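A quick write-up on the structure given underneath.
The values are calculated or read from the model by the stated rules, or taken from the named source; none is laboratory data. Since the model is a prediction, treat every value here as computed from it, not as a measurement. With ideal geometry, Cβ positions are generated from the backbone for all residues, glycine too; neighbour counts draw on all protein chains shown.
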Amino acid sequence: MRIMIGMMLVITAITAHAVEPPNFVIIYADDLGYTQTSVPMMKDRPELAHALHQTPSLEKLALRGMRFSNAYCPSPVCTPSRASIQFGKTTARVGCISIHDVVMNKKQIDMSKNLSIAEMLKEANEEYVTAFYGKGCTPMGWFKDHG
């Protein structure tokens, strides 16, 4: 019996270690409505998919992964909203209420006090490769140093 339990523990440990970390793709678009892609954001409500706007690449991603259909925009302004999502904090905790707070850095926000999603993933597993494409929400040059 002890041998059997020992073997099960070894097999469990080997199997658990062999699991690859998941991939993350976060798509964040300004002014994109809940029903403006061909992906029904709620699986039980297929009528929410848009018939005119065809987004086959998003459909493939949605089929292979997770979709988060119960989310709220952290700010009505794009830059604070992006900063909030990037750092996993409210706009007030990031220190960003308007575009000028971040891009122009008028408040001299010390972004080094905030860990980005990319940095958090690397702390969890150093093998993660991260990239950011698109419109930024931090002082110029910040991304090259933070994931």
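Based on what the data block shows, is Tyr28 surrounded by 14 or more Cβ atoms within 10 Å (Cβ to Cβ), within 25 Å of Leu115 (Cα to Cα) and aromatic (Phe, Trp, Tyr)? The answer is yes for Tyr28. Candidates in region 1-49 are the residues that are over 30 Å from Ser81 (Cβ atoms) and part of a loop (DSSP other than H, G, I, E, B); of these, the one that is modelled with the highest pLDDT is Glu20. The single condition among (1) surrounded by 13 or more Cβ atoms within 10 Å (Cβ to Cβ); (2) modelled with pLDDT of 85 or more that Phe132 does not meet is (2).
Applying the condition of being under 15 Å from Asp30 (Cβ atoms), part of a loop (DSSP other than H, G, I, E, B) and not polar (S, T, N, Q) to region 75-109 and asking which residue is modelled with the lowest pLDDT yields Val103.
Somewhere in region 65-74, is a residue surrounded by 15 or more Cβ atoms within 10 Å (Cβ to Cβ), of a type in the set (Gly, Ala, Ser) and either at pLDDT below 85 or assigned to a helix (DSSP H, G or I) (or both)? No, region 65-74 contains no residue that is surrounded by 15 or more Cβ atoms within 10 Å (Cβ to Cβ), of a type in the set (Gly, Ala, Ser) and either at pLDDT below 85 or assigned to a helix (DSSP H, G or I) (or both). For region 86-108, the criterion of being within 15 Å of Pro40 (Cα to Cα) and touching a residue at least 24 places away in the same chain (Cβ under 8 Å) is met by no residue.
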